[in-house]
Amino acid sequence: MKRIFSGIQPTGNVTLGNYLGAIKNWVALQNEASCDCIFCVVDQHAITVQKNIGALKRSTQETAACLISAGIDPVNSILFNQSQVEEHMKLAWVLGCLTRVGWLNRMIQFKDKANQDKDNASAGLWWYPVMMAADILAYKGTHVPVGDDQKQHIELARDIARSYNFAFGVEFFPLPQAQILSKSFRIMSLCDGKKKMSKSDSSDMSRINITDNADTIAHKIKKAKTDSYSLPSETGGLVGRAEAQNLITIYAALSNKSVEVALLEYGGCGFGRLKRDLAELAIEVIRPIRMEVHRLMSDIKYIDNVLKKGSARASALSKPIVKEVYDTIGFLST
Ligand code: AQP
C-alpha cells in the first residue's frame, strides 16, 4: 500500500497552477485502491513569510474548502491542517538535529524566496525543508505527489530519513519518493512565462484563482502576455517562447490532452483563437469548483469540523510513530 502525503500552503488564493500541478492529481490518487492518502493544509509553513500572518485562519479554511470543492473527499482521505497535529513539530526538532547546515544552504527554493536578501529572510524559511520532511515522515509517507519545483525538498527528506536510520541502526523510516505524475503540469505566470504561477505573486493578473468569476478569468486570459508570432504545430517550435508554451500547456492540461495534440489544433493560428477557447474552457472547469467553495465558505462550522476530524485521524496515525522516535532517542517520558 502506498502512503501518500502532500500539502498546500494557505498563502493566498489557490491558483490554477496549484489545481493543475497538484490538486487534480491528488483527487486521482485518492480514487486508487492502492493508495492511502493524507492531505494537509500546511499553515505552519505559511508563516515562514511574514506577509501571510494576518489572514491565516480564513486562508486555511478557504484552502480546505478549495480542496474539498476540487474533489478531495475528507472521508476517503485524511484532510487536516498542520498546526492541529503537534507531532509534526515534535519530529521536526529531532530531524533538524540530524540535518546538515550545508544541505539546507543548497535549497533552491530558499534562495528564490529569500531573493537576494538571505540575512533578512526568516530562519523558518531556511528551516522549512526540515519541517516538510517531518510532515511526510510523521506518517511514514512513501509517496509525495508534488510539482517538479518540490523535487529537491523530497530528495532532502530522503537524506534525512536515511540519516535517522543510519544514526540509530534501524530501518524505521521509508525513503519517500517524489511522485511527479506524467500528467502533472508546471503552470507559469500569465505576465511572465518564465516565472511560476504563484499564490503570492504581487500581481493578481499573473494568476487565475480558483475563486475567480467568469469575467475575471476571461479578462486575465485576454491580457495574458504573448509574442507576435503564430503558434507552431510541433513542440520544437515552442523553444524560447515561454508565453506560447504556457498558454498551450494550460489549454492541454484543462482539456486532458497532450501539448502535441493541442498544437495540432492551433498550429499556424494567432493567439486570438487559443485565448478565446482557453478562456471558455477555464471558466467551464473552474465554475463548479468556485460555486462549491462559495457554498462551503458560508458554512465555516462544516469546514472547521472536517479539519478537526481530519486532525484527530492524523494524530492517531502519527503519535505512535513519533513516540517510537522519542523512545529510540531516549527522551525521558515520566
Ligand atoms: N504554478 C504551478 N504549477 C504547477 N504546480 C504548482 N504548485 C504550485 N504552483 C504550481 C504545486 O502546488 C502544490 C502546493 O504548493 P504550495 O502551496 O505548497 O507552495 P508553492 O509551490 O510555493 O505554491 P505557490 O502557489 O507558489 O505558493 P506561494 O506563493 O505561497 O509560494 C505543490 O505540490 C506545488 O508543487
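In the stretch 143-158, the residues that are modelled with pLDDT under 90 reach residues that are within 11 Å of the ligand (Cβ to nearest atom) and of a type in the set (K, R) with C-beta atoms within less than 7 angstrom, at least six apart or across chains, in these pairs: G147/R186; D148/R186; D149/K196.
Taking the residues in the stretch 165-190 that are out of contact with any helix residue (DSSP H, G or I) (no Cβ under 7 Å at 6 or more places or on another chain) and part of a helix (DSSP H, G or I) as candidates, determine which candidate is nearest to F5 (Cα to Cα). The selected residue is N165. Only one of the listed residues (S69, S6) is touching a residue at least 60 places away in the same chain (Cβ under 8 Å), away from the ligand (no atom under 13 Å from the Cβ) and buried (at least 22 other Cβ atoms within 10 Å of the Cβ). That residue is S69.
Could you check, for the stretch 174-186, whether at least one of its residues is buried (at least 17 other Cβ atoms within 10 Å of the Cβ), in contact with a Cys (Cβ under 8 Å, 6 or more places away or on another chain) and touching a residue at least 12 places away in the same chain (Cβ under 8 Å)? Scanning the stretch 174-186 turns up no residue that is buried (at least 17 other Cβ atoms within 10 Å of the Cβ), in contact with a Cys (Cβ under 8 Å, 6 or more places away or on another chain) and touching a residue at least 12 places away in the same chain (Cβ under 8 Å).
Taking each residue of the stretch 12-34 that is under 15 Å from V146 (Cβ atoms) and looking for partners that are β-branched (V, I, T) and near the ligand (Cβ under 8 Å from one of its atoms) with beta-carbon atoms closer than 7 Å, six or more apart or interchain, yields G17/I187; N18/I8; L20/I187; G21/I187; A22/I8; A22/V146.
Among residues that are part of a helix (DSSP H, G or I) and either under 19 Å from V85 (Cα atoms) or away from the ligand (no atom under 13 Å from the Cβ) (or both), K57 is included.
Consider the stretch 202-229 and keep the residues that are surrounded by fewer than 19 Cβ atoms within 10 Å (Cβ to Cβ) and acidic (D, E). The one that is farthest from R241 (Cα to Cα) is D215.
Table: residues versus (1) of a type outside the set (V, I, T); (2) under 23 Å from the mean Cα position of the chain (by Cα); (3) modelled with pLDDT of 95 or more.
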position: F271; (1), (2), (3): yes, no, yes
position: R276; (1), (2), (3): yes, no, yes
position: L281; (1), (2), (3): yes, yes, yes
position: I289; (1), (2), (3): no, yes, yes
position: A314; (1), (2), (3): yes, yes, yes
position: P320; (1), (2), (3): yes, no, yes
position: V325; (1), (2), (3): no, no, yes
position: I329; (1), (2), (3): no, no, yes
position: S333; (1), (2), (3): yes, no, no
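Of these, V170, V75, V101, which one is surrounded by fewer than 17 Cβ atoms within 10 Å (Cβ to Cβ), among the hydrophobic types (A, V, I, L, M, F, W, C), away from the ligand (no atom under 16 Å from the Cβ) and under 30 Å from R295 (Cα atoms)? On inspection, the qualifying residue turns out to be V75.
For (1) in a loop (DSSP other than H, G, I, E, B); (2) away from the ligand (no atom under 16 Å from the Cβ); (3) modelled with pLDDT under 95; (4) in the same structural domain as D277 (by TED's automatic domain parsing), each residue gets a yes or a no:
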residue: D192; (1), (2), (3), (4): yes, no, no, no
residue: S198; (1), (2), (3), (4): yes, no, yes, no
residue: S202; (1), (2), (3), (4): yes, no, yes, no
residue: M205; (1), (2), (3), (4): no, no, no, no
residue: D215; (1), (2), (3), (4): no, yes, no, yes
residue: H219; (1), (2), (3), (4): no, yes, no, yes
residue: K222; (1), (2), (3), (4): no, yes, no, yes
residue: T226; (1), (2), (3), (4): yes, yes, no, yes
residue: P232; (1), (2), (3), (4): yes, yes, no, yes
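For the stretch 36-59, the set of residues classified as touching a residue at least 60 places away in the same chain (Cβ under 8 Å), surrounded by fewer than 19 Cβ atoms within 10 Å (Cβ to Cβ) and of a type in the set (A, V, I, L, M, F, W, C) consists of I47, V49, listed by residue number.
Filter the stretch 223-258 down to residues that are closer than 25 Å to I23 by Cβ and among the hydroxyl-bearing types (S, T, Y) and give me whichever is nearest to the chain's Cα centre (by Cα). Looking at the filtered set, the residue picked out is T249. Of everything in the stretch 71-127 that's of a type in the set (K, R) and modelled with pLDDT of 90 or more, which residue is nearest to the chain's Cα centre (by Cα)? Across the stretch 71-127, the extreme among qualifying residues is R106. Of everything listed in (1) buried (at least 16 other Cβ atoms within 10 Å of the Cβ); (2) out of contact with any helix residue (DSSP H, G or I) (no Cβ under 9 Å at 6 or more places or on another chain); (3) within 16 Å of C66 (Cα to Cα), the single unmet condition for N305 is (1). Residues of the stretch 17-54 that are part of a helix (DSSP H, G or I), under 30 Å from I221 (Cα atoms) and near the ligand (Cβ under 8 Å from one of its atoms): G17, N18, L20, G21, A22, I23, A46, N52.
The values are calculated or read from the model by the stated rules, or taken from the named source; none is laboratory data. Note that the coordinates shown come from a computational prediction; the quantities given were computed from them, not determined experimentally. Because the Cβ atoms are built from the backbone with ideal geometry, glycine has one as well, and the counts that use them run over all protein chains shown.
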